[in-house]
1. Rank by packing, highest mean first: peptides 103-110, 127-134, with packing defined as the count of other Cβ atoms within 10 Å averaged across residues.
2. If neighbour count is taken as other Cβ atoms inside 10 Å, put Val150, Val49, Val26 in order from fewest to most.
3. Evaluate E = 1/(1 + (r/R0)^6) for Glu19 and Phe143, where r is the Cβ-Cβ distance and R0 equals 22 Å; express this FRET efficiency to the nearest 0.05.
4. Within the set of other residues whose C-beta is less than 12 Å from the C-beta of Val49, count the net charge using Lys and Arg as +1 and Asp and Glu as -1.
5. Find out how many positive minus negative residues lie around Asp38, taking Lys and Arg as positive, Asp and Glu as negative, among other residues whose Cβ is under 9 Å from that of Asp38.
6. In nm, give the distance between the simple-model label positions of Glu114 and Val29, each being 7 Å from the Cα along the Cα-to-Cβ direction.
7. Between Ile71 and Thr40, what is the label-point separation in nm under the 7 Å Cα-to-beta-carbon projection?
Amino acid sequence: MKLLTAAFLLFASSAYAGETARVVSVTPVYGDNFVTVDGTRCYDVSVPVYRTESNSNGGNVLGGMIIGGLIGKGITGDDSGAAIGAVLGGVSAAERTRSVHDGYRTETRCERTESLVNKPILSYYIVEYRWNRNTYRTETKNFYRVGDTVEISPSLN
């Protein structure tokens with residue numbers, strides 16, 4: 001590369017009678033552009049499984065009736081309260097249940113995620129062009145193709 005540089009005109013003007021050069025290389029240059037991307041992450045978990053089992057038997061029902069009868073007699077002071085208490089105590093004992101662990105099942109759980117991702121954005125182009133049998137380089141926001149003829153304004157830096 002030569003130290004002599006030439007600047008591209010930003011727009012061609014029919015009044016300008018400058019030099020022309022041929023584009024020999026165009027390289028896009030990208031800058032960082034970080035964006036947040038939403039996603040989903042799913043995974044499997046083991047969940048315990050329970051079943052309900054009756055916890056009553058004849059002895060529990062009889063015990064509930066006796067205790068219910070004694071409490072009913074104690075509260076009301078007569079035999080009709082004892083009878084109602086016995087019935088309620090027996091029913092309560094008969095309905096007793098318990099949860100029994102019965103194994104595991106697999107469930108899929110998902111959660112939302114956010115991640116920072118670089119999606120580069122075009123910043124400018126490095127354009128190499130040939131002029132006067134030498135190759136020069138410049139940066140520009142304008143897009144050119146290899147083989148394009150461009151007008152230049154030669155200058156010494």
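1. Details: 103-110: 9.4, 127-134: 15.4.
Ranked from most to least packed, the peptides come out as 127-134, 103-110.
2. Details: Val150 21, Val49 11, Val26 17.
Ascending Cβ contact count within 10 Å gives the list Val49, Val26, Val150.
3. Details: r = 21 Å, r/R0 = 0.96.
That pair, Glu19 with Phe143, gives E of 0.55.
4. Working: positive: Arg51, Arg105; negative: Asp102, Glu107.
Value of the local net charge: 0.
5. Values: positive: Arg112; negative: Glu114.
So the surrounding residues net to 0.
6. In this crude spin-label approximation the distance works out to 3.3 nm.
7. So the two model labels end up 5.1 nm from each other.
Throughout, read-outs are computed from the coordinates displayed, never taken from laboratory work. Predicted model only: the values in this text are computed from it and were never measured. Don't worry about glycine lacking a Cβ; one is built from the backbone with ideal geometry, like all the others, and counts go over all protein chains shown.
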